[in-house]
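A.B. asks: The following block contains the structure, expressed as structure tokens.
Coordinate-derived values only; no laboratory data. All values derive from a computational prediction rather than experimental measurement. Note that each Cβ is placed from the backbone with ideal geometry, even for glycine, and that neighbours are counted across all protein chains shown.
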Amino acid sequence: MHYQGNIFRPPSEAYSILLQITTGCSHNKCTFCGMYKGSRFSIKDDRTIMADIDFAAIHCKNQERLFLCDGDALILPQERLLTILAAIRTKLPWVTRIGTYANTKSIRRKTPEQLRELCENGLTIAYMGLESGDDVTLQNINKGADAERMIDMGRKLRAAGMKLSITVLLGIAGTERSHIHARETGRVLTAIDPEYVGALSLMLTPNTPLFEASRRNEFNLPSPHEMLEELAVMFASTVLTDGYFHANHASNYLPIKAKLPNDKEATLQLIDRALKGKVGLKPEYMRGL
């Protein structure tokens, strides 16, 4: 496979075929994210992409899922995406699911009919980084969209028939707006009603503006206990009709896996026990990105 730069994928795509069709991220301005720093956004040429599909046809016969990398594969022109999806169907007929990251800019550029066409041709799950439902926080982290646009674009994907997995970040609002961030994020998640929510806990990385702000005491990262309080508020504020709310990423202090609405009360009780010191939290050395 012709990989360029660092390759990133959601945790749930750990065993997927990773087909890189773009490099970097077309936005690449979020203050907390260092994944694509120093990596220029580009769309790979069709010859390289098709060669990688041919490679997967020989060497990846035991992998039933495929993920389109990197940070913004959905931004490709419609016909190019459809050509890639057709090649995957033809040469990798055992693949049962194709996924991609999706940001509001790339979703907005597609019509509802185009998104539905992509879904019908195999692109059936998208991963969207919400991070926060609080407009002040979204502006502070330079996310490039407000909460209303996040809701509109999330609903647009769902209306097209795609499954939607949304990532949120505990701690991203700092200590000052922690509970506001938690409540507003719950409100936005409820409005979108995705199939999956993945809560991660912020870990500051040295190559990011937010890390530098923390060093200047302009950003105060919540403590583990404050992160847990934030999780409690966010989880209590989130209503899903039939979805999963997971906080089992390596960065989290308290792993939770809940199917909503059935597991809501039991999970709130688990978080409450942890807040009271009756459930141990993951030690710092075991956390990771």
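A.B. asks: Within 10 Å, count the other beta carbons around each residue, average over each peptide in 252-260, 212-220, 21-29, and list them highest first.
C.D. replies: Highest mean packing first, the order is 21-29, 252-260, 212-220.
A.B. asks: Which of the listed residues, Gly280, Tyr3, Pro224, is farthest toward the dipole's positive end in the chain, when Lys, Arg count +1 and Asp, Glu count -1 at the beta-carbon?
C.D. replies: Going by the Cα projections, it comes out as Tyr3.
A.B. asks: Contact order normalised by length for the chain, with contacts defined as Cα pairs under 8 Å and 6 or more residues apart; what percent is it?
C.D. replies: The normalised contact order for the chain reaches 14 percent.
A.B. asks: Could you work out how far the C-alpha centroid of the stretch 140-204 sits from that of the stretch 212-289, in angstrom?
C.D. replies: What the calculation gives is 15 Å, centre to centre.
A.B. asks: 5 Å is the cut-off here: which amide hydrogens, built 1.01 Å from N in the peptide plane, fall below it relative to Leu18, excluding neighbours closer than 5 in sequence?
C.D. replies: Answer set, sorted by chain and number: Phe67.
A.B. asks: Kirkwood hydrodynamic radius, computed over distinct alpha-carbon pairs, for the stretch 1-142: how many Å, to one decimal?
C.D. replies: 15.7 Å
A.B. asks: Karplus couplings for the stretch 278-289 from phi (6.51 cos²θ - 1.76 cosθ + 1.60, θ = phi - 60°), rounded to Hz, Gly and Pro as x?
C.D. replies: Calculated HN-Hα couplings, in order: 8, 10, x, 9, 5, x, 4, 5, 9, 7, x, 8 Hz.
A.B. asks: Something else now. Which of the following values of semi-axes √(5λ) of the Cα gyration tensor in Å was calculated from the structure shown: (i) 32, 21, 19; (ii) 38, 22, 18; (iii) 45, 24, 16?
C.D. replies: From the options (i) 32, 21, 19; (ii) 38, 22, 18; (iii) 45, 24, 16, the structure gives (i).
A.B. asks: Now a separate question. What is the order of Phe41, Phe67, fewest Cβ neighbours within 10 Å to most?
C.D. replies: Phe41, Phe67
A.B. asks: Here is a further query. Can you give me the relative contact order of the stretch 168-281 as a percent, contacts being Cα pairs under 8 Å and 6 or more apart?
C.D. replies: 30 percent
A.B. asks: Report, to one decimal in Å, the Kirkwood hydrodynamic radius for the stretch 141-289 based on all distinct Cα pairs.
C.D. replies: The Cα-based Kirkwood calculation yields 15.9 Å.
A.B. asks: Further question: Counting only Cα, what are the radius of gyration and maximum Cα-Cα distance Dmax of the stretch 247-289, in Å?
C.D. replies: My reading of the Cα-based Rg and Dmax gives 11.2, 33 Å.
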